[in-house]
Amino acid sequence: MDGLFEIKHGYQLKEVMPTQEKQILKVIAPREKHWVGNGFFVSSIFSMHSEDYKNISPFILLDHAAPKYFPPTEQKLGVGEHPHRGFETVTFAIKGEVEHRDSGGGGGTITTGGVQWMTAGSGVVHDEFHSREFSEKGGDFEMIQLWVNLPAKFKMNPPRYQSFSEADFPVIDQDHDRIKIKVIAGSFGSTVSPVKTYTPITMYEVNGLANSELEIPLSEGSNTLVVQLSGKSSIGNQPILRGNLGIFSRTGSSILLKMEEESKVLILNGEPIDEPIAAYGPFVMNTQKEVMEAFRDFQEGKMGNLVV
Ligand code: MN
């Protein structure tokens, strides 16, 4: 009888325990914009060189090309041939289209609402341009490029490409259809993204009407970032304005997001990779020696070339 009581008592304790909310550590305003090649006018929302790095990992860089009108042109706009090694680049075409080619002989177009999840791994060479069709017509262009780190044991894995169109991602309605959650990576409840990741990552694009509200469960010990792409939201009493980045504590297992205005918000969540980083330009490794090797391998053509 005593044993039974204990089990029952323990169960009750667990049930009444409230979910602990993650604490917001910092809100960072957008930095000045700079051109990447001649096609991407971006604000670097965060990077691995930041003092907040331990609360950002496994994410290592996020560039946002805020909506910008490009007039029709015959010119190719973007960045020419360049290498990557040791991490993944995730490109979101929010408005407009991005065309790419790579040293594996692959290539294609990331269409509006689509995402390309490229594992550079041991090394790729690629280029990234506005699509020819988009350039010829002109229009509003908005893009995100996110870099996701790989732990040492996966950095030299073979390159991998995952390409998704808007229709490939499941969307969940919440708060009486006033909020739409696009599940880009990981899962939300029983809804699972088609993206394969090397480490546990969940990523949502949340589109909400003014005064809508959403509780997002997240795993304890993970790092959580909130990027306000448009509109205005708040978490606790902390307002998050357009272009702002919110950084959260590893402890806690949820956040409560309130849309003050109609908003588009990107939620990035992942298991931290607590390993040393040695990064230079397009290479993100663990040691300086590995970065030097990456430069040498690229120069010797070991990461391949684009077929002209
Ligand atoms: Mn690139």
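The values are calculated or read from the model by the stated rules, or taken from the named source; none is laboratory data. Remember, predicted model here, so these are calculated numbers, not experimental data. Backbone-built Cβ (ideal geometry, glycine too); neighbour counts: all protein chains shown. Just the protein is used for accessible areas: all its heavy atoms, side chains included, with ligands, DNA and RNA removed. Shrake-Rupley method; radii C 1.70, N 1.55, O 1.52, S 1.80 Å.
Brief remarks follow.
- Distance between modelled label sites at residue 253 and residue 136, nm, 7 Å Cα→Cβ extension: 5.5
- Where 41, 134 fall by accessible area, highest first, once all protein chains stay in place (1.4 Å): 41, 134
- Peptide packing: for 248-260, 85-97, the average count of neighbouring Cβ atoms within 10 Å per residue gives the ranking 85-97, 248-260, highest mean first.
- Under 12 Å, Cβ to Cβ, from residue 129 - net charge with Lys/Arg +1 and Asp/Glu -1: -3
- Here the alpha carbons of the chain define both size measures, Rg and Dmax, at 20.7, 82 Å.
- Whether the stretch 11-126 is rounded, prolate or oblate, judged on the alpha carbon gyration tensor where a/c under 1.5 counts as rounded: prolate
- A helix-only calculation puts the chain at -3000 deg cm²/dmol for mean residue ellipticity at 222 nm, using -39500 (n - 2.57) for each DSSP H run of at least four residues, averaged over all residues.
- Projecting label points 7 angstrom from Cα along Cα→Cβ for residue 168 and residue 25 puts them 3.2 nm apart.
- Anisotropy class of the stretch 100-149 from Cα gyration tensor, a/c 1.5 cut: oblate
- Net charge, residue 80 excluded, C-beta distance under 14 Å - Lys, Arg +1, Asp, Glu -1: -3
- For the stretch 232-308, fraction of C-alpha pairs farther apart than 17 Å, in %: 65
- Residue 68-residue 81 pseudo-label distance in nm [points 7 Å out on the Cα-to-Cβ vector]: 2.6
- Relative contact order, percent, the chain [alpha-carbon distance under 8 Å, six or more residues apart]: 21
- Debye log10 I(q)/I(0) at q = 0.26 Å⁻¹ for the stretch 128-191, Cα point scatterers: -1.18
- Enclosing the Cα atoms of the stretch 153-221 in their convex hull gives a volume equal to 116 cubic angstrom per residue.
- With Rh defined as the Kirkwood radius, the inverse of the mean 1/r over Cα pairs, the Rg/Rh of the stretch 149-308 is 1.05.
- Degrees, to the nearest 10: 288-299 long Cα axis against longest axis of the chain: 40
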